[in-house]
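Some notes on the structure that comes next.
The values are calculated or read from the model by the stated rules, or taken from the named source; none is laboratory data. No experiment lies behind these values; they were computed from the predicted model shown. Reconstructed Cβ throughout: ideal geometry from the backbone, glycine too, with neighbour counts over all protein chains shown. Surface areas here come from the heavy atoms of the whole protein model, side chains and all, with no ligands, DNA or RNA. Shrake-Rupley method; radii C 1.70, N 1.55, O 1.52, S 1.80 Å.
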Amino acid sequence: MLSILSVKRALVVLWLSLMFSGVGFAQKKFTLNGYVKDATNGEALIGATVLVKEVQGGAATNVYGFYSITLSPGVYIVEYSYIGYETQSQTINFESNQRLDVEMTASGTELQEVVITGEAEDENVSSVEMSTNKLDVKTIQKIPAFLGEVDVLRSIQLLPGVSSVGEGSSGFNVRGGNVGQNLVLLDDAPVYNSSHLFGFFSVFNPDAVKDIKLIKGGVPANYGGRLSSILDVRMKEGNTKETEVSGGVGTVFSRLAVQGPIKKDKASFLVAGRRSYVDIFARPFTGDATLFFYDLTTKVNYDIDPKNRLFLSGYFGRDVFRFDERQGFDWGSITGTLRWNHLFNDRLFSNFAFFVSTYDYGFSFGENDLDKFEWESRILTYTFKPSFNYFINTNNELLIGGETTLYDFKPADAQGVSDGVVTDISLEEKFSLESAVYIDNTQKVNDRLTLKYGLRFSTFQYLGVNTVYDYELVEPGRRQQLVSVEEVDKSDVVESFANWEPRFSFRYQIGKGSVKGSYMRTAQYIHLVSNTAASTPIDLWTPSTNNIDPQIGEQVAVGYFRNFGSGNDFEASVETYYRDNQNQLEFVKGADLFLNEFIEGDLISGDGRAYGVEFSLKKNKGRLNGWISYTLGRSELKVNGINRNEWYPTRFDQTHNLKVFGSYTLSARTSVSGNFTFISGAPVTAPTSRFVQQGIPIPFDYFDSRNGLRVPSTHRLDLSMIIQMRRQKNGKPRKNTDELVISLYNVYGRRNPFSIFFAQEDGQVVPGQPVNTLAYRFSIVGAPVPSISYNFKF
């Protein structure tokens, strides 16, 4: 078996040979470049196809809508296409470098005929990308949602390989990975908790979102830092043509978004806000107790000149859960991104980004200032990320860049007050620095074969300014023994790590289908520590240290992709994957994860693996469209000292995962949709035996097993209907549009189990009689939930 070093050397040789094989030097060439945008609002179109018919080659626009094509002198027909838009053709006489910005007009085709947009009709077959899903916001708006509110995270859970551990759980799981192994980005800034109201809603306001891309495998070299997936969410830039107002009034919350030009075709803004109001209506019944969330999403952009553009975006959100005026807890995120696009020349596009992201939560308990407890925790990051996109020719597109991130972890700023005496039980802050450089090239070798290959080199330093503990593992599976304690200076580097992360993908055309494969190696230097069945707002982020090694993952995937039907109406694919993980964190029995100065002694690590096969069938056009996805997979851990040193399923291992979504257009104004999900029960650890002492049953695990029991399978049916209001008034088209959304969540009232717990049977214990214990199913939603919401745009 080839070593990693051999693979690295082979990739370098392959990259050098292929790179220079496609570069011609003998003949002078010229470049055509520009931006492709929506004619109605000026939004950049991501992934629009620019095709030169004479050479049957071209380019796709990047995330900023930019393209560049280099050709020999001559006359060419250049075709611009994007699903849902009218195709445009231009005849170009190449005698010099040219700049051509194109504004595309939406076609008359009904929007419901498009499920996955932003790609050519055969993109899933012809593109080298695999294990990647793109969702359009218009599609997400049709998916039946809890309480009728459109949600990004719940929508991506209908995709193959994506799931959650149960209703009401935060985040999502991809191909058997945990929530902390997903890199969630909002305009490049990482989001460390992506949920509102304990997972029922996401932090992404659909009125502000333009593009959603989920990468589960074959991750390009410009992404790093997580093992499982990348969720890249891009915000709208703001309408540069005219002011636009949109929003909605729903059962749980209302939202409002305003966007428009600051200077027409030069600068624009976007402001979108949401606020839930269940607490307002419930106040007469709950008193001072309250539960609500709010968020605000903002963005401005400015075209300085044809070669320079600035973007400034931000997100501010918070959840509040109070028992009364003095007691409760809250949590929230703040992100900010500043980006500068600069065009160095006709073929070299650059982006310089600086972003900051923070997530914090806090507790407060106590009846007065003399007796109370307060606790705050936070993770704060600062990142600088330059990237360069070099369009070598129609067959090669090179991406080079780097990034540096400074982490500030504050595990606990806590104080207890008893009879006026203050006790500070805070934990020290931890600091670390993560850096990376990368290079990535996409090359079309010939009409059949396309390659994508890259290399990422990452480093991580665990910095000083704290007390450093050193632990030793004495007995496998048990709490580690503290060996030494050392005070370090600010300038000290306590521990350093470095990793090579090669990436490789290919696509080979076979008839009307294609075979794709990918390999990737990724390193994750920060860890989400949790010992609950589902991710919670109070889970802890901690860096790799002298006691905690970085997580390393290697994944291989192979798949077959094919379209069929008239006009490629149907897309079909099957992918199989295998991922091997190292240094997966687990916790010892009786681990104390909160306010624990010695938490690293309660954490141990082992190996992980995840493997499976994903099937997907989509229908993209017509009055009836949707998709069916099925995943058969396993996710397992092996930790020395746990489960008798044998492999055991992770808490998010789900063998069967079936998702069905369909949308049907009844008329020009009315459409109905539905989705059905079936997921195998998640594993749980349960007692296998018990003994009774003084009439009280005490459970214990005789076999020292972990996750040996599964909760029952979950399944649910959701339905919705969208009714467009009148489109004309007095025989003339209305400028504004509005609609009613009627939905029914959990149609047949399935009580899906969130968890299983054990308790003594109710009633008085009779001396000398056996004490009965029962297993109880805990469900978050156990009945049908109807809702109605009103959406508008003008």
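Brief remarks on what is shown
- Check on residue 674, in contact (Cβ under 8 Å) with a residue 60 or more places away in the chain, under 21 Å from residue 145 (Cα atoms) and in contact with a Leu (Cβ under 9 Å, 6 or more places away or on another chain): yes
- The set of residues in region 646-682 that are closer than 30 Å to residue 605 by Cβ and at pLDDT below 90 comprises 651, 652, 681, 682.
- Every residue from region 631-655 that is out of contact with any helix residue (DSSP H, G or I) (no Cβ under 9 Å at 6 or more places or on another chain), in a strand (DSSP E or B) and either under 20 Å from residue 134 (Cβ atoms) or open to solvent by less than 60 Å² (accessible area, probe 1.4 Å) (or both): 631, 633, 635, 636, 648, 649
- First in region 691-716 and more than 14 Å from residue 770 (Cβ to Cβ) and among the aromatic types (Phe, Trp, Tyr), second anywhere and modelled with pLDDT under 85 and assigned to a strand (DSSP E or B), Cβ under 9 Å, 6 or more apart: 700/689; 700/690; 700/691; 702/689; 703/689
- Restricting region 175-208 to residues that are polar (S, T, N, Q) and assigned to a strand (DSSP E or B), the residue that is nearest to residue 355 (Cα to Cα) is 182.
- Those residues of region 587-630 which are under 23 Å from the mean Cα position of the chain (by Cα) and within 30 Å of residue 378 (Cβ to Cβ), in sequence order: 608
- Taking region 393-426 as the range and being assigned to a loop (DSSP other than H, G, I, E, B) and under 15 Å from residue 361 (Cα atoms) as the test, only 426 passes.
- Single match in 617, 593 (criterion: surrounded by fewer than 22 Cβ atoms within 10 Å (Cβ to Cβ), at negative phi and in a strand (DSSP E or B)): 617
- The set of residues in region 449-466 that are open to solvent by 30 Å² or more (accessible area, probe 1.4 Å) and of a type in the set (A, V, I, L, M, F, W, C) comprises 449, 455, 457, 463, 465.
- Residues in region 620-629 that are hydrophobic (A, V, I, L, M, F, W, C) and surrounded by 15 or more Cβ atoms within 10 Å (Cβ to Cβ) were compared, and the one that is farthest from residue 84 (Cα to Cα) is 628.
- Verdict on residue 34 being surrounded by 20 or more Cβ atoms within 10 Å (Cβ to Cβ), modelled with pLDDT of 60 or more and in a loop (DSSP other than H, G, I, E, B): no
- Considering residues of region 695-714 that are open to solvent by less than 50 Å² (accessible area, probe 1.4 Å) and part of a strand (DSSP E or B) only, the residue nearest to residue 780 (Cα to Cα): 714
- The lone criterion from (1) modelled with pLDDT of 90 or more; (2) closer than 30 Å to residue 738 by Cβ left unmet by residue 637 is number (2).
- For region 435-469, a tally of residues being closer than 22 Å to residue 603 by Cα, in a strand (DSSP E or B) and not hydrophobic (A, V, I, L, M, F, W, C) returns 4.
- Selection status of residue 323, open to solvent by 10 Å² or more (accessible area, probe 1.4 Å), at pLDDT below 95 and farther than 27 Å from residue 193 by Cβ: no
- Residues that are open to solvent by less than 10 Å² (accessible area, probe 1.4 Å) and either over 25 Å from residue 276 (Cβ atoms) or part of a loop (DSSP other than H, G, I, E, B) (or both) within region 145-157 comprise 149, 151, listed in sequence order.
- Residue 333 at pLDDT 95 or above and not hydrophobic (A, V, I, L, M, F, W, C): yes
Every residue, every condition in (1) surrounded by 17 or more Cβ atoms within 10 Å (Cβ to Cβ); (2) in a strand (DSSP E or B), yes or no:
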{"site": "59", "(1), (2)": "yes, yes"}
{"site": "62", "(1), (2)": "yes, no"}
{"site": "75", "(1), (2)": "no, yes"}
{"site": "78", "(1), (2)": "yes, yes"}
{"site": "92", "(1), (2)": "yes, yes"}
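- Within region 302-331, tally of residues that are of a type in the set (Lys, Arg) and in a strand (DSSP E or B): 3
- Meets criteria (open to solvent by 10 Å² or more (accessible area, probe 1.4 Å), among the acidic types (Asp, Glu) and within 24 Å of residue 794 (Cβ to Cβ)) for residue 188: no
- Close pairs (8 angstrom Cβ cut-off, 6 or more residues apart or separate chains): modelled with pLDDT under 80 in region 132-152, surrounded by fewer than 21 Cβ atoms within 10 Å (Cβ to Cβ) and not in a strand (DSSP E or B) anywhere: 148/251
Here's the yes/no breakdown for (1) surrounded by 12 or more Cβ atoms within 10 Å (Cβ to Cβ); (2) modelled with pLDDT of 90 or more:
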{"residue": "447", "(1), (2)": "no, no"}
{"residue": "468", "(1), (2)": "yes, yes"}
{"residue": "471", "(1), (2)": "yes, yes"}
{"residue": "477", "(1), (2)": "yes, no"}
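- On inspection, residue 271 qualifies as without any contact (Cβ under 8 Å) to a residue 40 or more places away in the chain, open to solvent by 10 Å² or more (accessible area, probe 1.4 Å) and under 25 Å from the mean Cα position of the chain (by Cα).
- Of the candidates 676, 661, the single residue that is touching a His at 6+ places or on another chain (Cβ under 9 Å), in a strand (DSSP E or B) and under 30 Å from residue 139 (Cβ atoms) is 676.
- Residue ranges of strands (runs of 3 or more DSSP E) in region 718-794 with at least 2 members of a type in the set (Val, Ile, Thr) and modelled with pLDDT of 75 or more: 737-745, 785-793
- Among the candidates 230, 212, residue that is farther than 30 Å from residue 279 by Cβ and either in a strand (DSSP E or B) or among the aromatic types (Phe, Trp, Tyr) (or both): 230
- Within region 493-522, the only residue that satisfies the criterion of being part of a loop (DSSP other than H, G, I, E, B) and either surrounded by 15 or more Cβ atoms within 10 Å (Cβ to Cβ) or touching a residue at least 60 places away in the same chain (Cβ under 8 Å) (or both) is 512.
- Check on residue 67, among the aromatic types (Phe, Trp, Tyr), touching a Gly at 6+ places or on another chain (Cβ under 9 Å) and either open to solvent by less than 20 Å² (accessible area, probe 1.4 Å) or in a strand (DSSP E or B) (or both): yes
- Members of region 415-446 found to be among the charged types (D, E, K, R) and touching a Gly at 6+ places or on another chain (Cβ under 9 Å), listed by number: 424, 434, 440, 444
- Of all the criteria given as (1) more than 25 Å from residue 252 (Cβ to Cβ); (2) open to solvent by 20 Å² or more (accessible area, probe 1.4 Å), the one not satisfied by residue 216 is (2).
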